[in-house]
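Only one structure is covered here, and it is reproduced in the block below.
The values are calculated or read from the model by the stated rules, or taken from the named source; none is laboratory data. Fair warning: this is a prediction, and the values are worked out from it, not measured in the lab. Because the Cβ atoms are built from the backbone with ideal geometry, glycine has one as well, and the counts that use them run over all protein chains shown. Keep in mind that these areas ignore ligands, DNA and RNA; they rest on the heavy atoms of the full protein, side chains included. Shrake-Rupley method; radii C 1.70, N 1.55, O 1.52, S 1.80 Å.
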Amino acid sequence: MNLKKIVGRKLSITLLYSLPAVAYLILFFYIPLITIIIYSFWHGEPLYRITRIFTLENYVRFFTEELSQNVFILTNLISIATFLVILIVAYPIAYFLARMTYGDVGLKIILLILIPLEMNYLIRIFAWRNILGENGLLNNLLMTFGLVEQPITIFFHSLYAIIIVVLHNALPYAIIPLYITIRSIPESLYQAAMDLGSNKLSVFFRVTLPLSMPGIAISFLFIYVPMMGEFAIPALVGGKTYMLGNFIVRQYLTIGNWPYASASTMSLVLVTLIVMFIVFKFLGVRRLYE
Amino acid sequence: MSRISLELVNLYKYYGRILALEDINLKVEKGELLTILGPSGSGKSTLLKIIGGFEEPTRGEVYINGELMNGVPPYRRPTSMVFQDLALFPHLNVFNNIAYGLKIRKKPLNEIRSKVREVAELLHIEELLDRKVTQLSGGQQQRVALARSLIIEPEILLLDEPLGPLDVKLRKEMQLELRRIQRKLNSTWVYVTHDHEEAIVMSDRVAILNSGNIIDVGTIREIYERPKNRFVAEFLGETNIIECIVDSVEDNVFTAFCGDLKIEGEASRKLEKGEKIQVMIRPEKIKIIHHPPPANKNAASGKIVEIIYKGAYSDLKIEVDDSKIFTVKTFEPIYQVGEKVFIKWDSRDVTVISG
């Protein structure tokens, strides 16, 4: 048998194996995505009235109208704030697991942190409603111990509630990459830094932190990207907080301006891609797998 | 001002119940290069870590320049270590790696620049300052690690098998280069290695470490020619060790019977008639002759049973009358297996190593 035939057969087998996955992606990912892209360039009005003519007006509107601008900026601020809160909580945990535990104890503890995440996403959010709500666990406890007279409301239907719930949901996604990067820093680097005159604080800022940047970058992406498109958490515990996800859902389902909703979606995708590109390019993520 | 740079007094180190170092006493003079030589697992790296402050001794004291160092963290000790894996900072370039210690000490930038340049020139790496450390070859990384330690002018430089990963040729070059730098700076170095040839080339003095004990300390020549015991003798290179019984001792010269052989040598310590001893003769001290030797002592006849070709020289295994095997080094590749030869040695080259 000649080489061409062998290669040809190999190729056809590979194609056969990849067929289900490719079919799935084409049906449920690429076709919807392309549909959204096409819609975003059409003219639309509320209540599903669509004119099929090419226009850029939806994009222009998204980036120039005050409402969408504000929602866009707010969503970014919330996403970044959430990331920072999670980082502050996750870093010490990851650091402890990576440096103070032996063998795979750290991984086992991470597994324990992961298990609650197997529970359905919406159920978890509802659980938090029961904890943070006006008649929830938190307020009951506070009132039982006489710490407050009236139920406090800042932890429910507020920005804080969003951050608390996301913190719970996304913590492992920050801990795991941080654990891996901190764990991969050789002990001798800390010793070398101390040997050359660094005290413990200086070792942290000059060695540990710069070398865990790839882990920080990955956890940023793990948290920032889904947070930009989040709509369930703000809708269920966020009160008046109105994020980009909610904005897009409203345009699709309530107002019914599909072309504008599609353009908003594509703008979101575009911005997220740009942020990802910047993070990958400048924060040394590539070092992780080199 | 004392001339002693480093002094270890009655040092013990336990890991749990495992004894890693036992009653270590050691003095290192200023400007001296002391090698700690021992097989793997002998505790030499532990000893170095205790000097550097990365491990605390279970018992005993560490003095540097006469000051007690127990409990002093590494960043307050006047020592610097070149690590086995070099431990260069991968996120910093060569310049910033070398400048690290000076930046921590908040030196002005122009001083840092000129000092980095100075030390880089000493180590011939001035061309590499802008490179990433991951782009360097093993030998270059070696130099950067050394520069990074030398720039803070440590009282004692500790080197933990730094030449391990290099190939033989490069290692030999670096050994000479390190020696040159140490002599030039006239600073105190403690050098850990398991390679006896490296220790021979590099050191002023050697401390032989085995399973947590210092067995012998002295200049390399003293130890090579007059090792304290069989372990030291064999660790420093191939040797012939013969069991003998002392026959007579006269004016510091002893005669002993070792099977059919009669050996005469200097009695380095008091020997009794009838005492069982081990004597050592290095392979390079034995000469091959073609005619029967005139005297019947310090000589033997035998048959070549094996020739191990080593390039510049060959090791001959010679079986003497009563089935003893002697190793003899020769630079003349003229012998053949099975050939009958005579060997002799000088009484000066006979060393008593134990009783």
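One table, with the values for the structure above:
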read-out: Across B:LYS303/B:LYS329; B:LYS276/B:LYS303; B:LYS27/B:LYS49, pairs whose alpha-carbon gap is larger than 19 Å; value: B:LYS276/B:LYS303
read-out: Long-range amide H partners of A:HIS43 with built H, under 5 Å; value: A:THR51, A:ILE53
read-out: The range A:1-52: Cα Rg divided by the 2.2 N^0.38 Å rule of thumb; value: 2.01
read-out: Over chain B: helical MRE at 222 nm, DSSP H runs n ≥ 4 each giving -39500 (n - 2.57), nearest 500; value: -7000 deg cm²/dmol
read-out: Rough spin-label spacing in nm, given labels placed 7 Å along Cα→Cβ, for A:SER18 and A:ARG250; value: 4.3
read-out: Three semi-axes of the equivalent ellipsoid, chain A, Cα gyration tensor, whole Å, largest first; value: 37, 34, 20
read-out: For B:LEU33, distant residues with modelled amide H under 5 Å away; value: B:TRP189, B:ASP204, B:ARG205
read-out: Stretchable slack from B:ALA312 to B:VAL72, in nm (0.36 nm times residue separation minus alpha-carbon distance); value: 81.4 nm
read-out: Amide H contacts of B:ARG131 (H built 1.01 Å from N, under 5 Å, at least 5 apart or other chain); value: B:VAL94, B:PHE95
read-out: For the range B:62-210, the spread of Cα positions along each principal axis, largest first, Å; value: 44, 40, 26
read-out: Anchor B:LYS30: aspartates and glutamates whose Cα lies under 12 Å away (excluding residues fewer than 8 positions away in-chain); value: B:GLU7, B:GLU155, B:ASP204
read-out: The protein assembly as shown: mean projected area of Cα convex hull, nm²; value: 49.6
read-out: Angle between chain B longest axis and helix B:138-150 axis [Cα atoms, degrees, rounded to 10]; value: 70
read-out: Probe 1.4 Å - accessible area at B:HIS196, Å² to nearest ten; value: 50
read-out: Accessible carbon and sulfur surface of the range B:1-105 relative to its total accessible area, %, 1.4 Å; value: 47
read-out: Backbone N under 13 Å from the B:TYR12 label point (7 Å along Cα→Cβ), restricted to the range B:38-75; value: B:57-61
read-out: Inter-chain shielding of B:84-97 (mean C-beta neighbours from other protein chains, 10 Å cut-off); value: 4
read-out: Accessible surface, chain B, averaged per residue in Å² (probe 1.4 Å); value: 48
read-out: List B:ASP130, B:ASP204, B:ASP321, ordered by accessible area with a 1.4 Å probe, largest first; value: B:ASP130, B:ASP321, B:ASP204
read-out: Extended-chain gain in nm, criterion 0.36 nm per residue less alpha-carbon gap, A:LEU33 and A:GLU66; value: 9.2 nm
read-out: Packing-based ranking, highest mean first, of B:29-39, B:233-243 given that Cβ atoms within 10 Å are counted; value: B:29-39, B:233-243
read-out: Environment charge of A:ALA193, counting only residues whose C-beta is closer than 10 Å and scoring Lys/Arg +1, Asp/Glu -1; value: +1
read-out: Tail beyond 27 Å, pair distance distribution of the range B:1-146 (Cα, percent); value: 36
read-out: With DNA, RNA and ligands ignored, accessible area of B:THR193 (1.4 Å probe; Å², nearest 10); value: 0
read-out: More than 20 angstrom apart: percent of Cα pairs within the range A:188-290; value: 58
read-out: Percent accessible area from carbon and sulfur atoms, the range B:198-355, protein chains only, probe 1.4 Å; value: 49
read-out: Solvent-accessible surface ranking, highest first, for B:GLU56, B:GLU275, A:GLU66 at 1.4 angstrom; value: A:GLU66, B:GLU56, B:GLU275
read-out: Chymotrypsin sites (Phe, Trp or Tyr not before Pro) within the range A:145-198, DSSP loop, no more than 14 other Cβ atoms inside 10 Å; value: A:PHE145
read-out: In sequence order, calculated HN-Hα J values of the range B:123-133 (Karplus, 6.51, -1.76, 1.60; Hz; x Gly/Pro); value: 9, 6, 10, 5, 6, 9, 4, 8, 6, 7, 5
read-out: Descending Cα extents along the principal axes, the range B:236-300, whole Å; value: 35, 32, 21
read-out: Pairwise FRET efficiency - B:GLU222 versus A:LEU84, Cβ, R0 = 56 Å, nearest 0.05; value: 0.30
read-out: At least 18 Å along the helix axis (C-alpha) and Kyte average at least 0.5, DSSP helices within chain A; value: A:3-25, A:66-100, A:159-183, A:213-228, A:258-282
read-out: Shielding of A:198-208 by partner chains, average beta-carbon count, 10 Å; value: 3
read-out: Using alpha-carbon coordinates, inclination of helix B:94-104 to the longest axis of chain B, degrees; value: 70
read-out: Backbone HN-Hα couplings from phi across the range B:169-180 [Karplus 6.51/-1.76/1.60, Hz, Gly and Pro as x]; value: 4, 5, 5, 5, 4, 5, 4, 5, 5, 4, 4, 4
read-out: Per-selection Kirkwood Rh - the range B:182-287 (Cα, Å, 1 d.p.); value: 15.7
read-out: Fraction of alpha-carbon pairs over 36 Å apart in chain B - percent; value: 36
read-out: Peptide B:67-77, shielding by other chains (average Cβ, 10 Å cutoff); value: 3
read-out: Accessible area buried, both sides summed, chains B and A with 1.4 Å probe, Å²; value: 1800
read-out: Hull volume in cubic angstrom per residue (convex hull over the Cα atoms of the range B:108-156); value: 84
read-out: Dimensionless Rg/Rh of the range A:104-165 - Kirkwood Rh, Rg from C-alpha atoms; value: 1.12
read-out: Mean ellipticity per residue at 222 nm, deg cm²/dmol - from DSSP H runs of n ≥ 4 across chain A, formula -39500 (n - 2.57); value: -22000 deg cm²/dmol
